[in-house]
Amino acid sequence: MNRLFAHWFAGVLMLGCLAVPGRAQDQMQVEDFDSIQLYTLENKSGAKVQITNFGAIVTSIVVPDRDGKLGDVALGYDSVESYINAVDKPYFGAVVGRYGNRIAEGEFTLDGETYSLATNNGPNHLHGGVIGFDKVVWDAVPTAVNGKPALKMTYHAKDGEEGYPGNLSVAVTYQWTDENELIVHYEATTDKATPINLTQHTYFNLAGEGNGTILDHELILNASKFTPVDSTLIPTGELREVEGTPFDFRKAKTIGRDIGVDNEQLEFGLGYDHNFVLDRSGEPGEMMWAARVLEPVTGRVMEIRTTEPGIQFYCGNFLDGRLEGKSGKSYVHRGGFCLETQHFPDSPNQPTFPSAILKPGEKYDTTTVFRFSTK
């Protein structure tokens, strides 16, 4: 599969497990590239998710409010060109990898060999590099999981791609249920030991994309510790208690309540942009409850369950109104938040963190569920 960019979306509507043509956009022809498709997973209530095989991006999530009115709660665009040309590369809706989040100074040592990666975020490596998984064309196949419609995307990352070792075969399966659950299942195998940390980078605004800030959203995180960072947002290695800090979301509070307090960690992140250590009661790799967000005006609620040990909470600190989304509205400062389930940032350089190394003969297998409801 060619790693560069293709056409604008050529619409595909998926009903059950059948893909039928939908509305096509004007196309931007580029030599030697495959077409990019847009898929729709719709349940019996009319709630739906749209996904493109460019970057495995979730382009929209349409769910009801407490009055039953449907609205799109995912920030994004209606053309591939907009994803490619967006200033500051926000990674709207994408699967990021081979290693999501940051690796210090773009370097790590594995099995006695030092690997150098692109430094595309200040002095550090971020979200897989210059052409990470968010900027490649995935193969997509409509399928079924437990008899329910799903979309499976696959990509083969070559040994040495963006500096990483090993030929890595990746699959991401999206399923949308009648209970308004978006289930994201990641799988991967490799022929050489390699770091891997895949995550979903959707920005949410439960009031509706483009409808102001997310500062009044009420957040709960199932985390009594977080990983503090240095001024370049690389973890120091400490697991710090949230108690008595602005990072305590164990009980519901608005995102904006403490975001402006005098705190070095908030200064480093320009707000919240930190990994939280999930309080796991079961065995590593078991599904657990991680987060809950309520938007009080619409009554929309999102809950997250995951098999991952951490979750990155980012509150749109770098949005500044320059990006215009699907509805024609500008995405203002803190106009969306991300909750990225993950292994911890810089784990290849942090021996006390849970290992993010995949070895030959092993299988990377992780799942995250986003469930939407109302209150």
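The values are calculated or read from the model by the stated rules, or taken from the named source; none is laboratory data. What you are looking at is a predicted structure, and each value in this text was computed from that prediction instead of being measured. Here the Cβ is made from the backbone with ideal geometry for all residues, glycine too, and neighbour counts use every protein chain on show.
Testing GLY210 on (1) touching a Phe, Trp or Tyr at 6+ places or on another chain (Cβ under 9 Å); (2) in contact (Cβ under 8 Å) with a residue 24 or more places away in the chain; (3) on the phi < 0 side of the Ramachandran plot, one condition comes back false. Which one is that?
(3)
Somewhere in segment 138-150, is a residue in the same structural domain as VAL184 (by TED's automatic domain parsing), touching a Lys or Arg at 6+ places or on another chain (Cβ under 6 Å) and more than 27 Å from LYS44 (Cβ to Cβ)? Spell out the reasoning first.
Our first condition is that a residue be in the same structural domain as VAL184 (by TED's automatic domain parsing); within segment 138-150, this holds for 138-150.
Retained after the next criterion (residues that are touching a Lys or Arg at 6+ places or on another chain (Cβ under 6 Å)): 141, 143.
Keeping just the survivors that are more than 27 Å from LYS44 (Cβ to Cβ) gives none.
No, there is no match, as no residue in segment 138-150 is in the same structural domain as VAL184 (by TED's automatic domain parsing), touching a Lys or Arg at 6+ places or on another chain (Cβ under 6 Å) and more than 27 Å from LYS44 (Cβ to Cβ).
Being of a type in the set (Lys, Arg) and surrounded by fewer than 20 Cβ atoms within 10 Å (Cβ to Cβ) is the filter; apply it to segment 126-155 and report the residue that is nearest to the chain's Cα centre (by Cα). Reasoning before the result, please.
Applying the first criterion (of a type in the set (Lys, Arg)) to segment 126-155 yields 135, 148, 152.
The next check asks that each one be surrounded by fewer than 20 Cβ atoms within 10 Å (Cβ to Cβ); those that pass are 148, 152.
On the way: LYS148: 23, LYS152: 16 Å.
Here the residue is LYS152.
Could you go through segment 326-335 and let me know if any residue there is part of a loop (DSSP other than H, G, I, E, B) and among the β-branched types (Val, Ile, Thr). I'd like the intermediate steps shown before the answer.
Step one: list which residues in segment 326-335 are part of a loop (DSSP other than H, G, I, E, B), which gives 326-329, 331-335.
Applying the additional criterion that residues be among the β-branched types (Val, Ile, Thr) yields 332.
So far as segment 326-335 goes, yes, one or more of its residues are part of a loop (DSSP other than H, G, I, E, B) and among the β-branched types (Val, Ile, Thr).
Return the residues of segment 280-311 that are assigned to a loop (DSSP other than H, G, I, E, B) and either under 18 Å from PRO235 (Cβ atoms) or among the hydrophobic types (A, V, I, L, M, F, W, C) (or both); say none if nothing qualifies. Can you show your working first?
First pass over segment 280-311, keeping only residues assigned to a loop (DSSP other than H, G, I, E, B): 280-287, 295-299, 307-309.
Correct list: MET287, VAL297, GLU308, PRO309.
Could you tell me whether any residue of segment 347-357 is of a type in the set (Val, Ile, Thr), in contact with a strand residue (DSSP E or B) (Cβ under 8 Å, 6 or more places away or on another chain) and under 30 Å from SER82 (Cβ atoms)?
We begin by selecting, within segment 347-357, every residue of a type in the set (Val, Ile, Thr); these are 352, 357.
The next check asks that each one be in contact with a strand residue (DSSP E or B) (Cβ under 8 Å, 6 or more places away or on another chain); those that pass are 357.
From what is left, the residues that are under 30 Å from SER82 (Cβ atoms) are none.
No, that holds for no residue.
Yes or no: segment 110-125 includes at least one residue that is surrounded by 24 or more Cβ atoms within 10 Å (Cβ to Cβ), within 20 Å of the chain's Cα centre (by Cα) and either at pLDDT below 95 or farther than 18 Å from GLY76 by Cα (or both). Lay out the reasoning, then the answer.
Within segment 110-125, the subset surrounded by 24 or more Cβ atoms within 10 Å (Cβ to Cβ) is 125.
Narrowing further to those that are within 20 Å of the chain's Cα centre (by Cα): 125.
Remaining after also requiring either at pLDDT below 95 or farther than 18 Å from GLY76 by Cα (or both): 125.
Yes, because at least one residue in segment 110-125 is surrounded by 24 or more Cβ atoms within 10 Å (Cβ to Cβ), within 20 Å of the chain's Cα centre (by Cα) and either at pLDDT below 95 or farther than 18 Å from GLY76 by Cα (or both).
Name the strands (runs of 3 or more DSSP E) wholly within segment 34-96 that hold at least 3 residues that are more than 29 Å from LYS375 (Cβ to Cβ)? Reasoning before the result, please.
Numbers: elements: 36-42, 48-52, 57-64, 70-72.
Strands (runs of 3 or more DSSP E) meeting the threshold: 36-42.
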